[in-house]
1. Mind checking whether some residue in segment 218-225 is within 15 Å of the chain's Cα centre (by Cα) and more than 15 Å from residue 325 (Cα to Cα)?
2. Can you run down the residue pairs with Cβ atoms below 7 Å, 6 or more apart or on separate chains, where the first is in segment 315-339 and surrounded by 14 or more Cβ atoms within 10 Å (Cβ to Cβ) and the partner is of a type in the set (A, V, I, L, M, F, W, C) and part of a loop (DSSP other than H, G, I, E, B)?
3. What residue, among those in segment 278-292 that are crowded, with 24+ Cβ neighbours inside 10 Å and part of a helix (DSSP H, G or I), is modelled with the highest pLDDT?
4. Can you pull out the residues in segment 237-273 that are outside any helix (DSSP H, G or I), surrounded by fewer than 20 Cβ atoms within 10 Å (Cβ to Cβ) and either of a type in the set (S, T, N, Q) or touching a residue at least 24 places away in the same chain (Cβ under 8 Å) (or both)?
5. Looking at segment 115-151 only, could you name the residues that are without any contact (Cβ under 8 Å) to a residue 60 or more places away in the chain, surrounded by 13 or more Cβ atoms within 10 Å (Cβ to Cβ) and not in a helix (DSSP H, G or I)?
6. Residues of segment 18-46 being hydrophobic (A, V, I, L, M, F, W, C), modelled with pLDDT under 80 and surrounded by fewer than 22 Cβ atoms within 10 Å (Cβ to Cβ), which ones?
7. What pairs can you find where one residue is in segment 36-49 and closer than 15 Å to residue 134 by Cα and in contact (Cβ under 8 Å) with a residue 24 or more places away in the chain, the other is of a type in the set (Phe, Trp, Tyr) and surrounded by fewer than 17 Cβ atoms within 10 Å (Cβ to Cβ), and their Cβ atoms are less than 7 Å apart, with a gap of 6+ or different chains?
8. Has segment 66-82 got at least one residue that is buried (at least 21 other Cβ atoms within 10 Å of the Cβ) and either without any contact (Cβ under 8 Å) to a residue 12 or more places away in the chain or in contact with a Lys or Arg (Cβ under 6 Å, 6 or more places away or on another chain) (or both)?
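The values are calculated or read from the model by the stated rules, or taken from the named source; none is laboratory data. Keep in mind the model is a prediction, meaning the values are calculated, not measured. As a convention, Cβ positions derive from the backbone with ideal geometry for all residues, glycine included, and neighbour counts pool all protein chains shown.
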Amino acid sequence: MTFGYNDGELATVLLFLPIGSLLGLPTSGWLVSRFDSRIPLAFTAVTLAIALSSIGFAGSTVVLVISVCAFAFSMRILNISMNTQAVALQKQFDRRINGSFHGLWSTGGIVGVGFTTALIAVHVPIHIHMIIVSCMTLLIIFFSYRYLLRNDRSVSENKLVLGKPDPYTSYLGLLVFFASLCEGGMFDWSGIYFKEIIKVELFTLGYLIFMIFMALSRFASDRIIEKIGMEKILILSAFFIFSGIAMAIIHPVFWMAMTGFCFVGFGTAAVMPVTISLAGLSKKYSPGLAISIVSSYGIAGVFLGPPLIGYIAQASNLRYSFIVFAVSGLMFIPISKLFFSHQRSLKNG
């Protein structure tokens, strides 16, 4: 079924993605503290596949919204479980590997966009598309489950302490918030930007180029961080995002927009690997709970980003609504300075 939503209506439907993710947040923190992370990871991979198929078969807005919420709920728990596994595995290596995990995630996005583009080109119905992806998800978790880490449940520091916010996780959370606002918005609106502003028929190119350069940057991020450090790479990220968005807005033609979206992909790539790695080093909370807390800020960013772009585009122009991403990127600079200053004070104190 084709719903024919306008920008504002699409933004409202997208709003239910972060709502479902928000509902999954407390559940994810509880599950990874009570069980080995591989157990909720496998379970939610199955529920994710079911929810994805339901989206393809949705015949009304109500069913679509319920399916979207279930998809986001499952994805949230799956995400926390995978990152908990990654942080535990990182501790077994002498060199940085966390960025490569996020690079593989981005590579999955590239494959997904390429697969979607091919199906669109041959006019495959959306429900068939969703069934194929759901079946692939089930096959992957079936074959990979035996290789996941065991006995990674933390036995202490699993209780959320209410009261004065912890500066360590709060600063990391703010970095994740602005990265997610930019990243989530680009996921949902880069293709639409190419379709409506750049006037490209194969509109998935915008999203595809963004994902390709995000993946390339994430695979390289571990080596770059070893050379220049985490603080400098976050400032570099801010520069790339601002420059890329400026290029796409000021000169909205195909090659300038493609180059600009490449820059944005580079800029957003390193933030999540850096913040998740640092969250896993929290002295106040277990890795699973710290990652869950920091990720909650990401939900807020996703909650605001795509709908905000849609509402601004509906009220004015999609082209200028992308300024939100440029501002988000610049926020990395003051927040990262505050975080690393606080981190140094903890080491010296």
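1. yes
2. Pairs found: 318/197; 319/197.
3. Residue satisfying both the conditions and the ranking: 279.
4. If the condition is that a residue be outside any helix (DSSP H, G or I), surrounded by fewer than 20 Cβ atoms within 10 Å (Cβ to Cβ) and either of a type in the set (S, T, N, Q) or touching a residue at least 24 places away in the same chain (Cβ under 8 Å) (or both), then 252, 253 are the ones that fit.
5. If the condition is that a residue be without any contact (Cβ under 8 Å) to a residue 60 or more places away in the chain, surrounded by 13 or more Cβ atoms within 10 Å (Cβ to Cβ) and not in a helix (DSSP H, G or I), then 124 is the only one that fits.
6. Result: 19, 22, 23, 25, 30, 35.
7. 42/145
8. no
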